[in-house]
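Here is the structure we will look at, set down as structure tokens.
The values are calculated or read from the model by the stated rules, or taken from the named source; none is laboratory data. What you see is a predicted model; the values in this text were computed from it and never measured. Quick reminder, even Gly has a Cβ in these numbers, built from the backbone with ideal geometry, and neighbours come from all protein chains shown.
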Amino acid sequence: MKAMVLAAGRGTRLKPHTDTIPKPMMPVAGRPLLEHIFEQIRAAGIADIVVNLHHRPEVIQNYFRDGGRHNIRLTYSFEPDLLGTAGAVLKLAAEFTETFLVYYGDNYVELDLPDLIRSHRQSKSDATIAVFSCEEPHRSGIVQVDDSGRIFNFVEKPDPEIDVGRLANAGVYVLEPKVIPVIPAGRAVDFGRDIFPELIRNHFFLQAYPLRAAVYGIDTPELHARLVRHLAERTN
């Protein structure tokens with residue numbers, strides 16, 4: 001099994017910190033966030049990881065190199081123009097010929113990754129999306145599910161006046177290769193905004209995997225500080 005970690009974002013809301021480093025290299029508990037993510041993926045038994053790059057790519061490449069120091073095998077995919085979360089996967093379609101993992105490199109997600117993968121295989125879904133209960137649904141991609149956990153609707157950053165629930169996309173997916181041909185070429189394409197709704201329209205089986213713990217993004221200095229505090233409290 002292979003994993004794709006999305007690390008190409010510019011991190012504009014974290015300036016000036018991200019003037020010199022990519023967003024996933026922001027320090028968390030004394031190490032880059034990306035290092036925590038790689039360790040979590042490796043602990044789940046996945047050693048082959050592809051990372052897409054755009055802003056300050058040399059910082060990630062110089063720090064991790066081929067991944068050997070972390071007992072992983074890293075492949076890099078440079079994007080001169082950002083392709084979006086799904087477009088990044090399409091560019092590397094030849095890498096993903098069997099079930100694969102997608103993990104957003106700017107989120108710290110506390111989850112049992114092996115159990116997520118088991119759940120995906122047991123459900124025989126085309127895509128399994130880790131979800132969590134969020135406080136501000138209008139800032140997230142929201143999934144709506146039936147009683148069995150099957151996703152029947154996906155709304156990216158819904159209107160605050162419309163109640164579509166609070167189950168938010170955590171940015172961790174297990175996908176089957178059959179979803180890749182749905183991704184259009186030639187433009188930037190996102191899973192939440194474009195591909196998941198299209199998969200639902202075409203009767204693909206999307207399953208939700210509810211998380212018991214929180215998801216910590218680092219989009220702003222305040223959110224980054226929140227994650228830093230959380231990890232400090234957990235280790236004390």
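Summary table below
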item: Candidates Ser133, Ser125, Ser148 - the one that is closer than 18 Å to Arg212 by Cβ and among the hydroxyl-bearing types (Ser, Thr, Tyr); result: Ser133
item: Within the range 209-226, considering residues that are farther than 12 Å from Leu14 by Cβ and at pLDDT 85 or above, the one surrounded by the fewest Cβ atoms within 10 Å (Cβ to Cβ); result: Arg212
item: Phe132, sole failed condition from (1) more than 18 Å from Ile195 (Cβ to Cβ); (2) touching a residue at least 24 places away in the same chain (Cβ under 8 Å); (3) not in a strand (DSSP E or B); result: (3)
item: Residue count, the range 156-177 (criterion: within 15 Å of Gln207 (Cα to Cα) and not small (Gly, Ala, Ser)); result: 7
item: The range 177-226, residues that are touching a helix residue (DSSP H, G or I) at 6+ places or on another chain (Cβ under 6 Å) and among the charged types (D, E, K, R); result: Asp190, Glu198, Asp219
item: Test: residue in the range 129-147 that is surrounded by 18 or more Cβ atoms within 10 Å (Cβ to Cβ) and at positive phi; result: no
item: When residues of the range 150-178 are limited to those that are among the aliphatic types (A, V, I, L, M) and farther than 20 Å from Asp115 by Cα, the one surrounded by the fewest Cβ atoms within 10 Å (Cβ to Cβ); result: Ile162
item: From Ile21, Ile41, Ile46, residue being under 13 Å from the mean Cα position of the chain (by Cα) and of a type outside the set (D, E, K, R); result: Ile41
item: Conditions (1) at pLDDT below 80; (2) in a strand (DSSP E or B); (3) of a type outside the set (Phe, Trp, Tyr): number failed by Pro158; result: (2)
